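What follows is a short report on a single structure.
The values are calculated or read from the model by the stated rules, or taken from the named source; none is laboratory data. Predicted model, so just to flag it, every value in this text is computed and none were measured. Backbone-built Cβ (ideal geometry, glycine too); neighbour counts: all protein chains shown.
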């Protein structure tokens with residue numbers, strides 16, 4: 001029997017493929033499958049995005065190796081975008097482009113922590129962040145989020161858990177899986193706690209673009225010395241509907257970018273280049289289109305709220321920019337089993353709370369923004385007509 | 001002062017950008033720059049390759065998430081290709097697609113070894129493999145290659161260094177940096193040693209396509225039970241001239257592919273999709289074009305041999321499928337200094353032996369296949385006219 005690294009061997013297989021396998025077993029009797037599993041907006045990219053992707057990919061300008069930190073045009077366009085979103089002064093040296101946000105996370109984590117170090121995460125957590133840390137031999141400690149406050153992290157628990165030597169705190173806002181949007185004042189308090197303890201705050205804002213328009217998500221990028229305590233992560237996948245092109249970004253100090261470039265050089269030299277060039281055009285040009293999508297996803301959230309008010313037993317425990325976190329009606333039955341049956345019997349594909357942390361058996365994650373409002377309204381009949389076989 | 005992971009902080013900055021900076025300081029007085037640093041064939045991709053890349057990138061078929069292990073069409077096309085090259089039976093379940101060969105290496109290494117484990121490499125080594133292991137806290141032990149045998153690895157040294165618990169041996173053939181092509185019989189002996197010791201052989205064959213046509217590179221993929229001892233790595237970058245699209249591949253047992261998929265899911269979910277679809281077309285279709293390139297690179301090697309026979313003091317210590325390893329005429333001066341001056345004064349950009357291991361100060365790596373034969377012949381005048389300032 002061949003011997004593998006036990007930190008990898010003990011990991012469960014990636015969860016999304018098993019969930020998609022449940023979906024395949026659905027026989028269609030309740031109508032078309034409603035896939036609320038992996039976060040993928042159910043509309044296509046803008047036609048100009050596709051055109052620019054095609055133009056760049058067929059050009060010899062991007063077939064060679066590129067800069068490790070990313071194409072200058074995209075770093076610059078993204079720095080300008082971040083500056084506008086946060087009302088902060090962010091420049092090209094603050095940006096590192098990666099192949100998606102999972103890669104942004106592992107690059108940042110490796111730059112900050114090694115095997116045996118301790119990192120804090122919330123419970124529930126985004127499962128790939130937890131498996132990333134575990135496979136690197138980094139010790140993970142969890143701070144609870146309070147279901148009764150819509151799953152905001154418990155600031156007292158963070159204060160108690162932080163201690164010298166804790167290398168980083170990983171947060172996701174808007175949150176995956178709960179959808180919770182962390183208020184700026186809460187993020188400020190958490191940032192202050194981290195800074196006072198010499199702990200890096202690594203903030204994944206993949207779902208930022210689906211926040212209701214208006215105020216900045218937080219003011220941390222305008223704090224004096226933020227560079228020594230904060231790293232922000234982002235994904236272009238959701239907002240531009242191009243996860244298959246694998247692009248994400250890191251906003252951090254030039255010193256952090258320098259460390260991350262060393263990691264990235266070993267991970268894959270540089271992110272794929274032609275899609276970077278296309279995105280550099282899209283980032284300023286498709287602002288209105290993205291604002292329209294934001295409004296559309298707001299309508300989808302409203303539709304889900306309506307549904308959940310009419311499905312006794314199913315409780316909308318939290319909802320936010322992309323995800324809803326729903327308590328299912330079977331307190332003694334694991335979310336894994338409920339989600340499997342929901343997929344196979346009712347054609348509703350979602351992720352079990354189980355996948356996202358300890359004590360999450362009572363919950364399901366709905367990536368509601370995948371489906372349009374009409375489709376979401378169909379959940380009412382399917383959920384009300386659903387019962388677990390033999391229960 | 002912010003605190004970083006010391007395993008990352010202690011790494012030198014990625015070497016290629018510093019070498020390219022030397023090149024920028026060249027004033028052009030000796031004629032156009034001759035860039036023999038990063039391995040990039042100096043001809044463009046085939047026009048059909050560009051067309052297929054553009055078509056796939058502008059299609060909605062590849063904007064969503066894809067299978068972690070890679071697109072089925074590419075896994076299948078590559079399995080067929082490998083079967084043909086090695087005369088072996090390789091199927092789609094044996095293939096995992098990655099974002100380039102550095103990512104193939106780190107995924108395989110993480111699946112096999114963790115912090116504190118021991119891995120063997122040759123000296124000299126491909127620097128990204130060494131930094132990858134170091135940044136993961138994996139202990140590296142070096143087995144020497146003999147300059148007098150054209151830098152083949154010392155089989156006795158491997159036999160002596162292997163012992164229970166050594167997790168893997170990393171080999172590169174055709175070699176980077178020396179160019180050495182390891183004969184099938186030598187690879188067979190090394191494989192047998194590894195298998196008897198329970199050590200994985202991880203064989204990077206990025207430059208395989210530039211071998212003179214004919215026999216298979218080795219027979220290991222036809223050995224009974226190879227799956228429990230061997231992992232082969234490959235890059236599409238060099239052979240198809242598309243490093244900017246970042247694609248590589250792993251050939252291994254389904255059990256290894258399953259472990260690597262867990263790592264890849266955390267590294268970046270999946271390799272970029274549209275270029276995979278384009279490559280699936282190119283792999284069978286561009287066989288003749290690639291054979292032509294192989295012959296062209298053979299002519300370039302001949303040109304370099306001619307040059308090196310006429311440049312007293314400079315010694316061609318090894319030459320192979322893509323690289324040549326050259327002893328410079330300054331025994332008391334480090335290769336870093338010689339390479340810097342060669343770039344700045346003579347407009348010849350190459351990599352210092354220093355970057356590739358211990359005791360390599362006397363050598364330079366020439367990626368001769370980057371330049372056409374006429375350009376290579378110009379090295380004669382430049383090398384003979386070169387002297388270190390103040391020496």
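Kindly list the number of the only condition in (1) surrounded by 15 or more Cβ atoms within 10 Å (Cβ to Cβ); (2) outside any helix (DSSP H, G or I); (3) at the interface with another protein chain (Cβ under 7 Å from one of its Cβ atoms) that fails for residue A:54.
Here residue A:54 clears every test but (2).
Starting from residues that are touching a residue at least 12 places away in the same chain (Cβ under 8 Å) and in contact with a helix residue (DSSP H, G or I) (Cβ under 6 Å, 6 or more places away or on another chain), keep the ones in segment B:42-57 and report whichever is nearest to residue B:370 (Cα to Cα).
Going through segment B:42-57, the residues touching a residue at least 12 places away in the same chain (Cβ under 8 Å) turn out to be B:42-46, B:48-49, B:52-53, B:55-57.
Now restrict to residues that are in contact with a helix residue (DSSP H, G or I) (Cβ under 6 Å, 6 or more places away or on another chain): B:42, B:44, B:46, B:49, B:52-53, B:56-57.
Numbers: B:42: 5, B:44: 11, B:46: 16, B:49: 19, B:52: 24, B:53: 23, B:56: 28, B:57: 27 Å.
Once the filter is applied, the top-ranked residue is B:42.
How many of the residues making up segment A:242-258 are facing chain B (nearest Cβ under 8 Å), crowded, with 24+ Cβ neighbours inside 10 Å and touching a residue at least 40 places away in the same chain (Cβ under 8 Å)?
So the first thing to find is which residues in segment A:242-258 are facing chain B (nearest Cβ under 8 Å), and the list is A:242-246, A:253, A:255-256, A:258.
Cutting the leftovers down to crowded, with 24+ Cβ neighbours inside 10 Å gives us A:242-246, A:256.
Applying the additional criterion that residues be touching a residue at least 40 places away in the same chain (Cβ under 8 Å) yields A:242-243, A:245-246, A:256.
So the answer is 5.
Looking only at residues that are part of a loop (DSSP other than H, G, I, E, B) and facing chain B (nearest Cβ under 10 Å) in segment A:12-40, which one is nearest to residue A:288 (Cα to Cα)? Break it down stepwise before answering.
Taking segment A:12-40 as the starting set, the residues that turn out to be part of a loop (DSSP other than H, G, I, E, B) are A:12-14, A:25-33, A:36-40.
Narrowing further to those that are facing chain B (nearest Cβ under 10 Å): A:12-14, A:38-40.
Numbers: A:12: 41, A:13: 39, A:14: 35, A:38: 25, A:39: 22, A:40: 20 Å.
For segment A:12-40, the residue satisfying everything is A:40.
Any chance segment B:182-195 includes a residue that's over 20 Å from residue B:123 (Cα atoms), in a loop (DSSP other than H, G, I, E, B) and free of Cβ contacts under 8 Å to residues at least 24 places away in the same chain?
No, because not a single residue in segment B:182-195 is over 20 Å from residue B:123 (Cα atoms), in a loop (DSSP other than H, G, I, E, B) and free of Cβ contacts under 8 Å to residues at least 24 places away in the same chain.
Would you confirm whether any residue within segment A:78-100 is on the phi < 0 side of the Ramachandran plot, at the interface with chain B (Cβ under 10 Å from one of its Cβ atoms) and surrounded by fewer than 24 Cβ atoms within 10 Å (Cβ to Cβ)? Spell out the reasoning first.
Going through segment A:78-100, the residues on the phi < 0 side of the Ramachandran plot turn out to be A:78-86, A:88-99.
The next check asks that each one be at the interface with chain B (Cβ under 10 Å from one of its Cβ atoms); those that pass are A:98-99.
Keeping just the survivors that are surrounded by fewer than 24 Cβ atoms within 10 Å (Cβ to Cβ) gives none.
Taking every residue of segment A:78-100 in turn, none turns out to be on the phi < 0 side of the Ramachandran plot, at the interface with chain B (Cβ under 10 Å from one of its Cβ atoms) and surrounded by fewer than 24 Cβ atoms within 10 Å (Cβ to Cβ).
Residues in segment B:354-361: is at least one more than 20 Å from the chain's Cα centre (by Cα), surrounded by fewer than 21 Cβ atoms within 10 Å (Cβ to Cβ), over 30 Å from residue B:213 (Cβ atoms) and more than 14 Å from chain A (Cβ to nearest Cβ)? Lay out the reasoning, then the answer.
The first filter runs over segment B:354-361 and keeps only residues more than 20 Å from the chain's Cα centre (by Cα), leaving B:359, B:361.
From what is left, the residues that are surrounded by fewer than 21 Cβ atoms within 10 Å (Cβ to Cβ) are B:359, B:361.
The next check asks that each one be over 30 Å from residue B:213 (Cβ atoms); those that pass are B:359, B:361.
From what is left, the residues that are more than 14 Å from chain A (Cβ to nearest Cβ) are B:359, B:361.
Checking segment B:354-361: at least one residue is more than 20 Å from the chain's Cα centre (by Cα), surrounded by fewer than 21 Cβ atoms within 10 Å (Cβ to Cβ), over 30 Å from residue B:213 (Cβ atoms) and more than 14 Å from chain A (Cβ to nearest Cβ).
Go through (1) over 20 Å from residue B:229 (Cα atoms); (2) touching a residue at least 40 places away in the same chain (Cβ under 8 Å); (3) touching a strand residue (DSSP E or B) at 6+ places or on another chain (Cβ under 7 Å) and name the single condition residue B:131 misses.
Condition not satisfied by residue B:131: (3).
Has segment A:228-237 got at least one residue that is in the same structural domain as residue A:202 (by TED's automatic domain parsing) and surrounded by fewer than 21 Cβ atoms within 10 Å (Cβ to Cβ)?
Of segment A:228-237, the ones in the same structural domain as residue A:202 (by TED's automatic domain parsing) are A:228-237.
Next cut, surrounded by fewer than 21 Cβ atoms within 10 Å (Cβ to Cβ) only: A:228.
Yes, because at least one residue in segment A:228-237 is in the same structural domain as residue A:202 (by TED's automatic domain parsing) and surrounded by fewer than 21 Cβ atoms within 10 Å (Cβ to Cβ).
Any idea how many residues of segment B:196-216 are out of contact with any strand residue (DSSP E or B) (no Cβ under 9 Å at 6 or more places or on another chain) and either in a strand (DSSP E or B) or modelled with pLDDT of 95 or more (or both)?
1
Count, please, the residues in segment B:213-227 that happen to be more than 14 Å from chain A (Cβ to nearest Cβ) and surrounded by fewer than 16 Cβ atoms within 10 Å (Cβ to Cβ). Before the answer, list the steps.
Going residue by residue through segment B:213-227, those that are more than 14 Å from chain A (Cβ to nearest Cβ) are B:213-224.
Of the ones still in play, those that are also surrounded by fewer than 16 Cβ atoms within 10 Å (Cβ to Cβ) are B:213-215, B:222, B:224.
Residues flagged as more than 14 Å from chain A (Cβ to nearest Cβ) and surrounded by fewer than 16 Cβ atoms within 10 Å (Cβ to Cβ) within segment B:213-227 amount to 5.
I'm trying to understand the selection: among the residues of segment A:228-239, which are within 9 Å of chain B (Cβ to nearest Cβ) and closer than 27 Å to residue A:294 by Cα?
Our first condition is that a residue be within 9 Å of chain B (Cβ to nearest Cβ); within segment A:228-239, this holds for A:228-229, A:237.
Answer for segment A:228-239, where residues must be within 9 Å of chain B (Cβ to nearest Cβ) and closer than 27 Å to residue A:294 by Cα: just A:237.
For segment A:129-181: of the residues being modelled with pLDDT under 95 and not in a loop (DSSP other than H, G, I, E, B), which is surrounded by the most Cβ atoms within 10 Å (Cβ to Cβ)?
The residue in question is A:147.
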